[in-house]
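Worksheet: one structure, shown below.
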Amino acid sequence: MTDEAIEQAVVAAPRDACLEVLLDYERYPVWAADIKAARVLTTDADGRGELVEYRVGGLGRSARVVLRYDYDQLPQRLAWKLTDSDVLTVFDGAYDLDAVNNDSTEVRYQIAVDLRVPLPSFVKRRAEVRIRRTALPELRAVVENG
């Protein structure tokens, strides 16, 4: 069963600053605690990561995740879909970025997750809460603190 989560926060920075951090996939391991490694596999015509491979921690083990990014709705939305993983069957999501004013951005993070192997619901819930409660605070911290 696919679990979905949504979280919102206001980041004290312009939308372009948020996007700059979000589009720099290979730096995710620097600021996102659960991402251990990131590698851009292919780029689009504008040089942005199209397929990106991550090594992520969680659920007591490391997982390989390959995401395909969708730029059709930039700068309002950065979306992705899972294309390959050794542990997950679904890991699709998006960042929606709404400029509040010149100095702040409301960021809405949504994610849908499902695993290849069945786990007790309380373990899945714990992982979902961890993803949801860390994604935006970590983004906010890196964007606001440079």
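The values are calculated or read from the model by the stated rules, or taken from the named source; none is laboratory data. Worth saying up front: this structure is predicted, and the values here are computed from it rather than measured. All Cβ positions, glycine included, derive from the backbone under ideal geometry; neighbour counts span all protein chains shown.
Residues considered: LEU97, LEU78. Of these, the only one that is under 10 Å from ARG15 (Cβ atoms), crowded, with 18+ Cβ neighbours inside 10 Å and within 15 Å of the chain's Cα centre (by Cα) is LEU97. Figure legend. Inter-residue proximity from region 102-117: first residues within 27 Å of ALA17 (Cα to Cα), second residues part of a strand (DSSP E or B) and small (Gly, Ala, Ser), beta-carbon distance below 6 Å, spacing 6+ or different chains. Indicated pairs: THR105/ALA99; VAL107/ALA9; GLN110/GLY93; GLN110/ALA94; ILE111/ALA5; ILE111/GLY93. Of all residues in region 35-53, those satisfying the criterion of being surrounded by 15 or more Cβ atoms within 10 Å (Cβ to Cβ) and closer than 21 Å to ASP96 by Cβ are ILE35, ARG48, GLY49, GLU50, VAL52.
Within region 55-68, the only residue that satisfies the criterion of being under 14 Å from LEU23 (Cα atoms) and in contact (Cβ under 8 Å) with a residue 24 or more places away in the chain is LEU67. The residue that is nearest to ASP84 (Cα to Cα), among those in region 20-69 that are among the acidic types (Asp, Glu) and modelled with pLDDT of 95 or more, is GLU53. When the residues of region 55-65 are filtered to those that are surrounded by fewer than 18 Cβ atoms within 10 Å (Cβ to Cβ) and touching a Ser or Thr at 6+ places or on another chain (Cβ under 9 Å), the one that is nearest to VAL100 (Cα to Cα) is ARG55. Within region 64-108, the set of residues being within 21 Å of VAL143 (Cα to Cα) and among the hydrophobic types (A, V, I, L, M, F, W, C) comprises LEU74, LEU78, ALA79, TRP80, ALA94, LEU97, ALA99, VAL100, VAL107.
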